[in-house]
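Inspection log for the structure reproduced underneath, given as structure tokens.
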Amino acid sequence: GSGVPPAVPPPGAPPPMPMLASASPGGGSGQSPLPTPAICVSGMVGADVLASDAEYAEVLGELREECEKFAGPGSVLQAKVPRPPQPEMAPQLIGTGNYGKAFVFFRDIESAAKAQAGIHGRTFAGQMLQVIYVTPDHYASIP
């Protein structure tokens, strides 16, 4: 009886890494567990905003302003607010897919982190804002 010890990982071995790249195409929130330069803001965009050109333009401007208030002028490279092809359909579509969310891409992770910390949990037009990091791939996939 040679007592062969059961195979155990050595102490301090890193846990197996989940494959981040294998996010299901088209599905999933694109949420990233680690900070990235891209964030998703929920709670800022309502159906009325998506349905109205004027309000839509206004919210895009406010989104950029809010982010740069915390992250610094010029930190926002791009902002996207997905809008249905027929804006009048917004009330039926809000909350499905990416409708009702706003996405912002920053020049670096530090800027995104400042904006995330500053905006998450704040109230905008009576709505509590939620901010998560999304993968740059997910951001890029948004029309």
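The values are calculated or read from the model by the stated rules, or taken from the named source; none is laboratory data. In this text, all values refer to a predicted model and were calculated from it rather than measured experimentally. Quick reminder, even Gly has a Cβ in these numbers, built from the backbone with ideal geometry, and neighbours come from all protein chains shown. Each accessible area value is taken on the protein alone, full model and side chains, heavy atoms only, with ligands, DNA and RNA left out. Shrake-Rupley method; radii C 1.70, N 1.55, O 1.52, S 1.80 Å.
Residues that are touching a residue at least 24 places away in the same chain (Cβ under 8 Å) and under 14 Å from Q130 (Cα atoms) occur at least once in the range 65-79. For the range 76-94, a residue qualifies if it is open to solvent by 20 Å² or more (accessible area, probe 1.4 Å) and among the β-branched types (V, I, T), and exactly one does: I94. Here P73 fulfils each of the conditions (1) open to solvent by less than 80 Å² (accessible area, probe 1.4 Å); (2) assigned to a loop (DSSP other than H, G, I, E, B); (3) at pLDDT 95 or above apart from (1). The residues of the range 77-111 that are more than 17 Å from L50 (Cβ to Cβ) and over 10 Å from the mean Cα position of the chain (by Cα), listed by number, are L77, Q78, F106, R107, D108, I109, E110, S111. Considering the conditions (1) open to solvent by 80 Å² or more (accessible area, probe 1.4 Å); (2) free of Cβ contacts under 8 Å to residues at least 12 places away in the same chain, G61 is excluded by exactly one of them, (1). Taking each residue of the range 32-53 that is polar (S, T, N, Q) and looking for partners that are outside any loop (DSSP other than H, G, I, E, B) and open to solvent by less than 10 Å² (accessible area, probe 1.4 Å) with beta-carbon atoms closer than 6 Å, six or more apart or interchain, yields S32/V134.
G26 falls short on exactly one of the conditions (1) over 16 Å from the mean Cα position of the chain (by Cα); (2) at pLDDT below 55; (3) assigned to a loop (DSSP other than H, G, I, E, B), and that condition is (1). Residue count for the range 105-143, restricted to those that are buried (at least 16 other Cβ atoms within 10 Å of the Cβ), of a type in the set (A, V, I, L, M, F, W, C) and in contact with a Pro (Cβ under 9 Å, 6 or more places away or on another chain): 5. Does any residue in the range 86-109 that is within 21 Å of F124 (Cβ to Cβ) and without any contact (Cβ under 8 Å) to a residue 60 or more places away in the chain come within less than 8 Å, Cβ to Cβ, of a residue that is basic (K, R) and assigned to a loop (DSSP other than H, G, I, E, B) six or more places away or on a different chain, and which pairs are these? From residues that are within 21 Å of F124 (Cβ to Cβ) and without any contact (Cβ under 8 Å) to a residue 60 or more places away in the chain, the pairs are A90/R83; Y99/R83. Of the residues in the range 95-103, at least one is surrounded by 15 or more Cβ atoms within 10 Å (Cβ to Cβ) and under 15 Å from P35 (Cα atoms).
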